Amino acid sequence: EAGVVQSPRYKIIEKKQPVAFWCNPISGHNTLYWYRQNLGQGPELLIRYENEEAVDDSQLPKDRFSAERLKGVDSTLKIQPAELGDSAVYLCASSLFGAGRAEKLFFGSGTQLSVL
Amino acid sequence: SQQGEEDPQALSIQEGENATMNCSYKTSINNLQWYRQNSGRGLVHLILIRSNEREKHSGRLRVTLDTSKKSSSLLITASRAADTASYFCATVLQGAQKLVFGQGTRLTINP
């Protein structure tokens, strides 16, 4: 079984530039999460999808961040424009159902973003 | 915001010794999970313990949960160099669908 696939693995951009991250979850997983992990910290949830619906985006900085999950499968997270403080690892995870049903999450390897 | 706090933040032991990491949380939970993260990689699920359970085992891992103290511990027995990683506890709050992570414990196993 293929795991959660993320691309790119690394991204270096200058501030004010746009950037996009892509995630392909495990086949059949209805729930998809985007987390941001700062250096030395635990992941923090940005947005959670149930199929194609964003059911929790309370922590997503909506002035510059956007996300979509077309057809309830792949997802894209975008930042426009990027700021220096956006440098972090962006992790995608998926699960069959929501975490409230005692489901474990499967994580991708993440995209390490450096904003210069 | 982060719900869980791991203790210690960093732990260095000799191969073969046991490693114990603790996690404290603030509000009532549905379940608590432990994850491992190797450097530069994503997180890997280790074990899940429900709020009505007190102890679970998986191979060399033992997890305890004390809901009265709002705390959990992860014990890794007979540690190996490959156990070197960061370990995170994550909680699912009652009535929520969100998994909230702590700041992690960085474990180093010295050969």
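Odds and ends about this structure:
- Check on A:Gly98, buried (at least 20 other Cβ atoms within 10 Å of the Cβ), modelled with pLDDT of 95 or more and closer than 24 Å to B:Trp34 by Cβ: no
- Of all residues in the stretch A:31-53, those being buried (at least 16 other Cβ atoms within 10 Å of the Cβ) and in contact (Cβ under 8 Å) with a residue 12 or more places away in the chain number 15.
- Those residues of the stretch A:8-21 which are more than 14 Å from chain B (Cβ to nearest Cβ) and buried (at least 16 other Cβ atoms within 10 Å of the Cβ), in sequence order: A:Lys11, A:Ile13, A:Val19
- Single unsatisfied condition, A:Leu70 versus (1) in contact with a Leu (Cβ under 8 Å, 6 or more places away or on another chain); (2) more than 11 Å from chain B (Cβ to nearest Cβ); (3) surrounded by fewer than 18 Cβ atoms within 10 Å (Cβ to Cβ): (1)
Every residue, every condition in (1) in contact with a Pro (Cβ under 6 Å, 6 or more places away or on another chain); (2) crowded, with 17+ Cβ neighbours inside 10 Å; (3) in a loop (DSSP other than H, G, I, E, B); (4) of a type in the set (Lys, Arg), yes or no:
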site: A:Gln6; (1), (2), (3), (4): no, yes, no, no
site: A:Ile26; (1), (2), (3), (4): no, yes, yes, no
site: A:Ser58; (1), (2), (3), (4): no, no, yes, no
site: A:Lys62; (1), (2), (3), (4): no, no, yes, yes
site: A:Ala82; (1), (2), (3), (4): no, yes, yes, no
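- Lone unmet requirement of (1) among the polar types (S, T, N, Q); (2) modelled with pLDDT of 95 or more; (3) crowded, with 16+ Cβ neighbours inside 10 Å for A:Ser114: (3)
- Considering A:Leu113, A:Leu77, the condition of being in contact with a strand residue (DSSP E or B) (Cβ under 7 Å, 6 or more places away or on another chain) and either acidic (Asp, Glu) or within 14 Å of chain B (Cβ to nearest Cβ) (or both) is satisfied by A:Leu113 alone.
- Residues located in the stretch B:57-95, provided they are open to solvent by less than 30 Å² (accessible area, probe 1.4 Å), in contact (Cβ under 8 Å) with a residue 40 or more places away in the chain and within 14 Å of another protein chain (Cβ to nearest Cβ): B:Ala85, B:Ser86, B:Tyr87, B:Phe88, B:Cys89, B:Ala90, B:Thr91, B:Val92
- Condition met for B:Ile47 (buried (at least 16 other Cβ atoms within 10 Å of the Cβ), in contact with a strand residue (DSSP E or B) (Cβ under 8 Å, 6 or more places away or on another chain) and closer than 19 Å to B:Ile76 by Cβ): yes
- Residue match in the stretch B:99-109 (condition: without any contact (Cβ under 8 Å) to a residue 24 or more places away in the chain, out of contact with any Leu (no Cβ under 8 Å at 6 or more places or on another chain) and outside any strand (DSSP E or B)): no
- Residue within the stretch A:37-50 that is more than 26 Å from B:Asn31 (Cβ to Cβ) and within 12 Å of chain B (Cβ to nearest Cβ) present: yes
- Residue check: B:Ser12 meets all listed conditions (1) more than 14 Å from every other protein chain (Cβ to nearest Cβ); (2) within 28 Å of A:Gln6 (Cβ to Cβ); (3) surrounded by fewer than 18 Cβ atoms within 10 Å (Cβ to Cβ); (4) in contact (Cβ under 8 Å) with a residue 40 or more places away in the chain but one, namely (2).
- For the stretch A:61-94, a residue qualifies if it is modelled with pLDDT under 95 and of a type in the set (A, V, I, L, M), and the qualifying residues are A:Leu70, A:Val73.
The values are calculated or read from the model by the stated rules, or taken from the named source; none is laboratory data. Owing to the predicted nature of the structure, the values given are computational and were not obtained by experimental measurement. Positions of Cβ are generated from backbone atoms using ideal geometry, with glycine treated the same way; all protein chains shown enter the neighbour counts. What goes into the accessible areas is simple: the full protein's heavy atoms, side chains included, and nothing from ligands, DNA or RNA. Shrake-Rupley method; radii C 1.70, N 1.55, O 1.52, S 1.80 Å.
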